[in-house]
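Quick notes on the structure that follows.
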Amino acid sequence: MLTQKIKTRLLFLVSIILITLSFLIFIYLNLKQNILYFKTPSEIFMNGPIEGNSMIRVGGMVKKDSIRQNNKEIRFTLTDYEKELIVVYSGTVPNLFSEEQGAVVEGILNDKKYLIANRILAKHDENYMPPQMKKILKENAK
Amino acid sequence: MEFFSFGNIIVYIDKFIKFINSIFFVILIIGLSFALIISPVDYLQGDSVRIMYVHVPSAWIGLSIFSLIAVSTILNFLFKIKNLFLFTKSLAPIGLLFTCLSIVTGSIWGKPTWGTWWAWDARLTSMLVLMLFYVLFILTLKYFKNNENLTKILSILSIVGIINIPIIKYSVEWWSTLHQPASIKFLGTSSIHTSMLIPLFLMLLVLLLYCALIFLMKYKTEIIKIKKQNIKRL
Amino acid sequence: MIIEFLKMGGYGFYVWSSFLVVFTFCTLLFYKTRKTLKKYEKEFAKELENLPAEHKKRIAKSSKVISSILASQNKLS
């Protein structure tokens with residue numbers, strides 16, 4: 001069935017696959033940290049001392065009843081239900097940014113519990129439904 | 001093999017093109033009215049959820065066409081089946097178009113929901129890599145003569161590129177990304193309400209019919225090109 | 001009512017521009033593909049014309065490809 005020619009070609013393909021995979025594993029091991037778009041507040045807490053003024057992205061849920069807003073800045077708590085992080089930001093927030101919704105903040109850590117953000121992104125989940133449906137779900141939860 | 005002769009293929013192509021032409025606009029209008037008018041708004045995203053009805057099918061088509069052309073390129077390299085080469089050549093541009101469209105519509109969707117046009121998270125970056133592979137693939141098809149080297153380069157691109165496909169698919173589960181996880185899974189229930197699934201699949205059908213139409217026209221062009229070269233020998 | 005529809009609850013710009021982008025590029029690719037197909041069909045028919053009459057007759061009968069191309073050429077003219 002398999003002639004010598006096809007065997008040679010197959011060998012060629014298999015060697016390409018092996019080379020690519022080894023490259024990929026190499027790249028993956030080197031970039032492990034960079035592939036993650038954001039860290040969680042717990043990871044920030046577990047990490048060693050904060051290095052200088054480097055930018056960092058932290059993602060989590062905006063804690064319920066934590067948004068305090070005045071005309072200069074907005075202040076809220078980002079949580080992963082284990083550790084919390086206070087975020088201060090001045091600027092406009094995306095439409096979907098609200099309490100009990102996901103958010104990714106980009107900024108500089110002041111200490112392990114306090115972050116000065118210069119960008120806020122909203123993160124939503126994979127659920128899509130009409131408003132009436134959401135209402136029903138909420139009532140059922142009660 | 002008689003069935004796959006160019007003569008038989010071209011007869012079926014003509015029939016198919018006629019069939020698609022006759023039903024396309026009806027399905028397009030049904031799909032669009034579901035996507036833009038009948039379907040409800042999302043509880044969180046409001047009307048911007050309608051972008052999903054073009055964004056998600058485009059991404060699916062981009063991914064599946066790449067898998068198709070990668071597999072057929074490898075089979076062509078191993079067994080030298082001429083039809084498979086024409087198949088790849090006719091499909092690649094459509095895949096590139098829909099990959100680009102899914103990136104552009106995703107970017108338009110990202111601005112009002114996430115608050116940014118672009119983020120270098122794993123999903124978006126791997127999708128960009130897919131687009132680069134399509135571009136390399138099409139450039140290779142265009143600038144290399146059709147011989148052993150061409151299929152060799154194409155199969156290298158296919159193998160390296162097809163490894164990227166599961167990375168795209170699972171990037172949202174393996175790593176923390178700004179992009180939300182998949183709503184529709186192979187197994188288990190989807191997290192999209194039925195009233196939104198109907199327009200999604202209708203628009204998928206519309207785009208698939210469109211893909212089939214373009215593919216058949218391109219395939220026919222390729223057959224004519226070959227016949228033209230052989231006209232003296234007929 | 002129509003204004004409401006166009007506004008899309010404030011997301012009008014984003015929704016319409018994404019649908020428009022998809023529509024525009026799909027149409028462009030469609031016309032480009034059709035143009036190339038017509039071009040090759042025409043060239044093919046022309047070359048067929050230049051063949052000796054008897055040869056032409058024989059292959060037009062035996063080849064489905066050629067009869068298909070000739071059929072679409074006749075539709076055009």
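The values are calculated or read from the model by the stated rules, or taken from the named source; none is laboratory data. This one's a predicted model, so the numbers in the text were calculated from it and none came from an experiment. Glycine gets a Cβ as well: all are built from the backbone with ideal geometry, and neighbour counts include every protein chain shown.
Looking at the stretch C:18-33, can you tell me whether even one residue there is over 23 Å from the mean Cα position of the chain (by Cα) and among the hydroxyl-bearing types (Ser, Thr, Tyr)?
Looking through the stretch C:18-33, at least one residue is over 23 Å from the mean Cα position of the chain (by Cα) and among the hydroxyl-bearing types (Ser, Thr, Tyr).
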Which listed residue is more than 11 Å from every other protein chain (Cβ to nearest Cβ), within 20 Å of residue B:135 (Cβ to Cβ) and within 10 Å of the chain's Cα centre (by Cα), from B:85, B:98, B:66: B:66
Unique residue being within 14 Å of chain A (Cβ to nearest Cβ), surrounded by fewer than 23 Cβ atoms within 10 Å (Cβ to Cβ) and touching a strand residue (DSSP E or B) at 6+ places or on another chain (Cβ under 9 Å) when the list is B:44, B:75: B:44
Set B:95, B:110, B:115: member being crowded, with 22+ Cβ neighbours inside 10 Å and part of a loop (DSSP other than H, G, I, E, B): B:115
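Quick check, is residue B:59 part of a helix (DSSP H, G or I), crowded, with 17+ Cβ neighbours inside 10 Å and at pLDDT below 95?
So residue B:59 fails the test.
Within the stretch A:51-89, which residues are within 14 Å of another protein chain (Cβ to nearest Cβ) and within 23 Å of residue B:177 (Cα to Cα)?
Passing the criteria: A:55, A:56, A:57, A:58, A:59, A:60, A:61, A:62, A:78, A:80, A:89.
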Only one of these is more than 19 Å from the chain's Cα centre (by Cα), touching a residue at least 24 places away in the same chain (Cβ under 8 Å) and over 23 Å from residue B:102 (Cα atoms): B:10, B:30, B:20. Name it. B:10
